[in-house]
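Worksheet: one structure, shown below.
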Amino acid sequence: METATYGEVLARFGHALSDPVRARVLLALREGPAYPADLADLLGTSRQNLSNHLACLRGCGLVVAVPEGRRSRYELADPRLAHALGDLLGVVLAVDATTCADC
């Protein structure tokens, strides 16, 4: 297993949060572990779409799949991620639409 630098960790986190579905998955898992079918229903997306997002989040090292018989339960890879997400939700941004049109 390769250890990522701080910059790489933040880039992975940013990539994960750059997609609304992935951001919502992380927020849902902040509340506790969940099964893919339940997450798909909660988020109103297809299971295939959710599967692709979960693969991305696993690849970024943010979530892990915990096998349970024939199913897998997903959870945040590190409990500190829940705290970090909570802190991010509390940040107030002063956005300048003229310089950040794509944001």
Within segment 66-81, which residues are touching a Lys or Arg at 6+ places or on another chain (Cβ under 9 Å) and either surrounded by fewer than 14 Cβ atoms within 10 Å (Cβ to Cβ) or more than 18 Å from residue 13 (Cα to Cα) (or both)? 66, 67
Any chance residue 28 is under 15 Å from the mean Cα position of the chain (by Cα), at negative phi and of a type in the set (A, V, I, L, M, F, W, C): yes
Within segment 38-64, can you find the residues that are touching a helix residue (DSSP H, G or I) at 6+ places or on another chain (Cβ under 8 Å) and open to solvent by 40 Å² or more (accessible area, probe 1.4 Å)? 42, 46, 47, 49, 51, 61, 64
Considering only segment 43-96, state which residues are more than 17 Å from residue 33 (Cβ to Cβ), in a loop (DSSP other than H, G, I, E, B), of a type in the set (A, V, I, L, M, F, W, C) and touching a residue at least 24 places away in the same chain (Cβ under 8 Å). 60
Going residue by residue through segment 31-39, is there one that turns out to be outside any helix (DSSP H, G or I) and on the phi > 0 side of the Ramachandran plot? yes
Residues of segment 9-21 that turn out to be open to solvent by less than 60 Å² (accessible area, probe 1.4 Å) and over 15 Å from residue 88 (Cα atoms), as a count: 2
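The values are calculated or read from the model by the stated rules, or taken from the named source; none is laboratory data. The shown structure was predicted, so the numbers you read here are calculated from the model rather than taken from an experiment. In this analysis, Cβ positions are derived from the backbone assuming ideal geometry, glycine residues included, and neighbour counts consider all displayed protein chains. Just so you know, the surface numbers come from the protein's heavy atoms only, side chains and all, with ligands and any DNA or RNA stripped out. Shrake-Rupley method; radii C 1.70, N 1.55, O 1.52, S 1.80 Å.
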